[in-house]
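Data first, discussion second: the structure below is written as structure tokens.
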Ligand SMILES: NC(=O)c1ccc[n+]([C@@H]2O[C@H](COP(=O)([O-])OP(=O)(O)OC[C@H]3O[C@@H](n4cnc5c(N)ncnc54)[C@H](OP(=O)(O)O)[C@@H]3O)[C@@H](O)[C@H]2O)c1
């Protein structure tokens with residue numbers, strides 16, 4: 001029997017990625033707590049997403065601090081906004097925190113992976129939430145595809161982190177999304193590699209005019 005997963009909080013949950021992840025997790029029967037700087041916005045988005053998923057969907061909206069009251073907490077903020085995490089650090093000690101942040105930027109030559117002072121976006125997040133069990137994952141899932149509930153995803157979700165229990169929990173979470181397969185990929189120092197794949201996928205997607213995803217062969 002599948003292990004029950006407690007509520008999943010999403011800090012920055014009102015954005016494209018947070019919305020997409022929320023509907024997929026709610027479709028899988030999980031409770032989702034969307035966080036925002038604006039409670040009213042989060043509640044409005046939550047209501048909209050509950051209607052999209054259908055009867056019984058458990059998606060609640062509140063503050064970003066409300067979203068920390070969860071078994072797993074996803075950071076779905078843009079890199080430029082991660083200082084919002086520092087005042088939440090007390091609430092995240094011991095919690096599995098999942099960084100999905102891509103430092104992707106664009107210039108005339110297309111998308112590229114911007115350098116992050118701490119080494120990766122995941123390390124930058126970890127610096128702001130000391131004591132949290134930081135894992136990085138979900139970088140290559142396109143928000144637009146997550147939001148399309150009329151078809152399953154078709155993606156592997158590579159998960160990295162230094163806490164084996166936290167990595168296993170996030171692999172399990174990824175497996176709950178229809179069409180996704182979670183794959184434990186190694187320590188957090190590999191996060192920079194996962195983050196850097198995203199601009200490559202975006203560049204391919206621009207040429208192919210679709211949201212391309214990632215699958216590993218011969219697993
Ligand atoms: N979009 C994708 O396809 C995709 C795929 C994989 C990973 N990601 C990663 O997921 C994260 C979220 O992506 P997204 O496209 O959902 O981003 P987004 O819509 O720009 O931002 C997400 C939420 O963060 C809050 N926010 C935005 N700018 C902020 C600021 N300057 N200061 C404080 N809060 C701010 C907003 O929530 P409130 O205004 O409600 O507070 C916003 O709804 C990014 O790190 C991205 O790299 C995205």
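Do we find that residue 202 is within 16 Å of the ligand (Cβ to nearest atom), at pLDDT 95 or above, part of a strand (DSSP E or B) and over 30 Å from residue 54 (Cβ atoms) in this structure? Steps first, answer last, please.
Values: within 16 Å of the ligand (Cβ to nearest atom): yes; at pLDDT 95 or above: yes; part of a strand (DSSP E or B): no; over 30 Å from residue 54 (Cβ atoms): yes.
Against the criterion (within 16 Å of the ligand (Cβ to nearest atom), at pLDDT 95 or above, part of a strand (DSSP E or B) and over 30 Å from residue 54 (Cβ atoms)), residue 202 does not qualify.
With out of contact with any strand residue (DSSP E or B) (no Cβ under 9 Å at 6 or more places or on another chain) and outside any strand (DSSP E or B) as the only criterion, which of 124, 144, 166 stands out? So that I can check it myself, show each step before the final result.
Working: 124 fails: out of contact with any strand residue (DSSP E or B) (no Cβ under 9 Å at 6 or more places or on another chain); 166 fails: out of contact with any strand residue (DSSP E or B) (no Cβ under 9 Å at 6 or more places or on another chain).
Only one candidate qualifies: 144.
Check residue 31 against each of (1) under 30 Å from residue 200 (Cβ atoms); (2) more than 13 Å from the ligand (Cβ to nearest atom) and name the one condition it does not meet.
Condition not satisfied by residue 31: (1).
Test each condition in (1) in contact with a strand residue (DSSP E or B) (Cβ under 8 Å, 6 or more places away or on another chain); (2) more than 21 Å from residue 120 (Cα to Cα) for residue 210 and report the one that comes out false.
(1)
Being over 16 Å from the mean Cα position of the chain (by Cα), farther than 23 Å from residue 32 by Cα and away from the ligand (no atom under 11 Å from the Cβ): is that true of residue 116 here? Write out each step before concluding.
Values: over 16 Å from the mean Cα position of the chain (by Cα): yes; farther than 23 Å from residue 32 by Cα: yes; away from the ligand (no atom under 11 Å from the Cβ): yes.
Yes; evaluated as a whole, the condition is true for this residue.
Let me spell it out: the conditions are (1) closer than 19 Å to residue 143 by Cα; (2) surrounded by 17 or more Cβ atoms within 10 Å (Cβ to Cβ), and residue 48 meets all of them except one. Which number is the exception?
Exception for residue 48: condition (2).
May I ask you to list pairs of residues, at least six apart or on different chains, whose Cβ atoms are under 6 Å apart, with the first in the stretch 77-95 being closer than 24 Å to residue 169 by Cα and in contact (Cβ under 8 Å) with a residue 60 or more places away in the chain and the second being part of a loop (DSSP other than H, G, I, E, B) and near the ligand (Cβ under 6 Å from one of its atoms)?
Every condition considered, the pairs that remain are 77/12.
The values are calculated or read from the model by the stated rules, or taken from the named source; none is laboratory data. Nothing here was measured: the structure is a model prediction, and the numbers come from that model. Note: ideal-geometry Cβ built from the backbone for every residue, glycine included; neighbour counts use all protein chains shown.
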